[in-house]
Amino acid sequence: MQKPIGVIDSGVGGLTVLNELTKRLPKEKFIYFGDSLRAPYGSKEKEEVIGYVFEIVQFLMTKDIKVLVIACNTATAYALEILKESLSIPVIGVIKPGARAALKVTKNKNIGVIGTLGLIDSNAYFETLCEMDSTVNVHQLGCPMFVPIIEKGKTEGKELDLIVESTLNPLKKLNIDTLILGCTHYPIIEGSIKKVFSDEVTIVSSAEETANETNLILNSLGICEKRDSDTSIIHDIYTSGDLKKFIELTNKIFSNNLSVLGKLNFIEKRMTKI
Ligand code: DGL
């Protein structure tokens, strides 16, 4: 059954999830959509984001995707349940996997969560973590500046370090031993985030667990690709934004080594709801 897996995000952040997906599932073809033109999602109204997500998903459904991975925490918080109800294919979000990853490593059960304002206001991580373990303390912090900075291409340097340090400062006094990067863009600036905390704080993102969950679902439904290992797969990478900028930024994120993701075909696709 030669069908691709759809992966969506508001921009380049979901590529951190795609990276784990391609590692975990080397025989699968992926179609990624980064909605850079309309990023950030985290400062927009829930209904607006749901509208964008549905528009993208409708487009991906024309490509006959067999599974949808919402590689965006904000979109997961806002749209996962509605998508699950309305689509006939499995839909995987990143919040449960992120929460699971954190619970695996925390010792003192003091967990920090950082994300977009929309994600933090939704309380999605708080509720998911408490459902999985009622004894955890969850400290949440919205970081509205991070996604716009990353989408502009600032992924390292003194200026970024200062913004990250001053934003995350309130979390330093709370004795957290685990920090969830509750936004798929944040692993891109993990270097700056790490500098704020001592080595005692473990930083987790949902990418790996999301890839594991996708693998489990494909296996349980018997819909894994059975291609020969020498088949050369080309992943389609769509952006609603400027193609040149998107490719430049993607190259920067992966240190000019895009081959870690496999063979990529970048395509610009403007969407209608602006
Ligand atoms: N990568 C998205 C997330 O995980 C960023 C959301 C945004 O565009 O603000 O939440």
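The values are calculated or read from the model by the stated rules, or taken from the named source; none is laboratory data. No experiment lies behind these values; they were computed from the predicted model shown. Note: ideal-geometry Cβ built from the backbone for every residue, glycine included; neighbour counts use all protein chains shown.
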(message) Which residue is surrounded by the fewest Cβ atoms within 10 Å (Cβ to Cβ), if the candidates are limited to segment 1-15 and must be within 16 Å of the ligand (Cβ to nearest atom) and among the β-branched types (V, I, T)?
(response) I8
(request) Give the number of residues within segment 212-248 that are among the basic types (K, R) and either closer than 26 Å to P40 by Cα or modelled with pLDDT of 95 or more (or both). (result) 2
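Answer with yes or no whether I31 is among the β-branched types (V, I, T), in contact with a Phe, Trp or Tyr (Cβ under 8 Å, 6 or more places away or on another chain) and at pLDDT 95 or above.
For I31, the condition - among the β-branched types (V, I, T), in contact with a Phe, Trp or Tyr (Cβ under 8 Å, 6 or more places away or on another chain) and at pLDDT 95 or above - is met.
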(message) I need the full set of residues from segment 172-203 which are in contact (Cβ under 8 Å) with a residue 60 or more places away in the chain and within 14 Å of the ligand (Cβ to nearest atom), in order please.
(response) I180, L181, G182, C183, T184, H185, Y186, P187, I188
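Residues that are at pLDDT 95 or above and within 27 Å of L141 (Cα to Cα): does segment 54-66 have at least one? Don't jump to the end; show me each part of the working.
Going through segment 54-66, the residues at pLDDT 95 or above turn out to be 54-66.
Imposing the further condition that a residue be within 27 Å of L141 (Cα to Cα) reduces the set to none.
So far as segment 54-66 goes, no, none of its residues is at pLDDT 95 or above and within 27 Å of L141 (Cα to Cα).
For segment 128-215, which helices (runs of 4 or more DSSP H) that fit wholly inside it have 2 or more residues that are on the phi < 0 side of the Ramachandran plot and over 16 Å from the mean Cα position of the chain (by Cα)?
Details: elements: 146-151, 158-168, 190-196.
Here the list reads 158-168, 190-196.
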(message) Can you tell me which condition K154 does not meet? The list is (1) out of contact with any strand residue (DSSP E or B) (no Cβ under 6 Å at 6 or more places or on another chain); (2) in contact (Cβ under 8 Å) with a residue 24 or more places away in the chain; (3) more than 21 Å from I70 (Cα to Cα), and all the others hold.
(response) (2)
(message) I'd like the full set of residues that are buried (at least 24 other Cβ atoms within 10 Å of the Cβ) and farther than 15 Å from L171 by Cβ, limited to segment 119-145.
(response) L119, A124, L129
(request) Would you check which residues across segment 78-114 are touching a Lys or Arg at 6+ places or on another chain (Cβ under 7 Å) and touching a residue at least 40 places away in the same chain (Cβ under 8 Å) and list them? (result) Y78
(request) State the number of residues belonging to segment 182-204 that are at pLDDT below 95 and farther than 18 Å from K172 by Cα. (result) 0
(message) Among the residues of segment 210-230, are any farther than 20 Å from F33 by Cβ, among the β-branched types (V, I, T) and within 14 Å of the ligand (Cβ to nearest atom)?
(response) no
